[in-house]
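For reference, the structure discussed in these notes is given below.
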Amino acid sequence: MKTTLLLLLALSLPVALTAQEALKSALTFHASFDAGFEADFSRGGKACQIKKGKELVACVPNEEVKLSAEGRFGSCLHFPKKGVTRPQFSGVDVLGYNDTSWSATVSVWLRLTPDEDLEPGYCDPVQIVGDDGKKGFIFLEWSKDETPRFFRFAIRPLFHIWNPTNVQWGDIPVEKRPMVQVAKAPFRRDAWTHVVFTLDKVNNKTGKPGGSLYLNGTKQGSIEGWDLSFGWDPAQVALVLGASYVGHLDDLAVFNRTLSDAEVKQLFGLEKGVAGLR
């Protein structure tokens, strides 16, 4: 009888997930670019599209973006020159944006030598956008004027919060911008760099919203002490790639929560990339 009771008790207890299972359960999107532009896995749409006027059409290879066999894991995207082609994926059921407390993590691999490969002007390899940039804007960015260029992660909330005096982004003192800035990021043309950024409790009025940037599994800094209130239409949120980017991009993934430092390091170390989680 005692053995039976213990067995029933054990069966009723929740089973703890392994570290890899926990990552897998949080995965909402993965694009390996091994077989094309379309995502391999998505809890929402898989289609990769570009804007053509006011319409969204299927993204196909052209002189500004194409598939390359020289990926970090198999094939990848290659942006051979600065252009206007910006592949994007719908964020509906992928990014999980909401107006109460939004948390997520985005992972990507990049390969380029910024000071040699990028053309003049800002470059945003990855953006999260909504229906209006003044209602919120999230991006990875290389600065436009410095040598070497700074690499940045920014969470810009409603316009009046981060820019109350209505001045240019570059004219705001660095310490007064909602961003993490890295002066000497380890990007180079002959090696891949793993980039992860997290979003934590965005739109939460009572908590402490923020976000962090990681390079090759190591935290570079965090955005803290800001009112990160957004005003997006959830149906219009999208993940956008390659704004003025020149280089390679691979293994794009989204998770539905803020990954821990240990989980980001684990993600960096996956031998087969995110495909090893699926």
Gain in span if fully extended, GLU63 to SER260, counting 0.36 nm per residue against the direct Cα distance: 67.1 nm
Would you list VAL202, VAL167, VAL240 from fewest to most Cβ contacts within 10 Å? VAL167, VAL240, VAL202
Report the full-extension gain for the segment GLN168 to VAL182: residue separation times 0.36 nm, less the Cα-Cα distance, to one decimal in nm. 3.0 nm
Candidate lysines - alpha carbon under 28 Å from LYS51, same-chain residues fewer than 8 apart omitted: LYS66, LYS81, LYS82, LYS134, LYS135, LYS144
Between SER222 and GLU38, take the C-beta separation as r, use R0 = 35 Å, and let me know the FRET efficiency to the nearest 0.05. 0.55
Quick one: compute the contact order of the chain, relative version, from alpha carbon pairs under 8 angstrom and 6+ residues apart, as a percent. 27 percent
So for the pair THR206, ASP99, with labels modelled 7 Å out along Cα→Cβ, what separation do we get in nm? 1.9 nm
What GluC sites (Glu not before Pro) does segment 106-160 have in DSSP loop regions with at most 13 other beta carbons within 10 Å? GLU146
I need ASP190, ASP145, ASP124 ordered by Cβ neighbour count within 10 Å, fewest first. ASP190, ASP145, ASP124
Could you put HIS30, HIS160 in order, starting from the residue whose Cβ has the fewest other Cβ atoms within 10 Å? HIS160, HIS30
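Where a number appears in this text, it was derived from the coordinates with a stated rule and is not lab data. Because the structure is a prediction, the values reported are computed rather than measured. Reconstructed Cβ throughout: ideal geometry from the backbone, glycine too, with neighbour counts over all protein chains shown.
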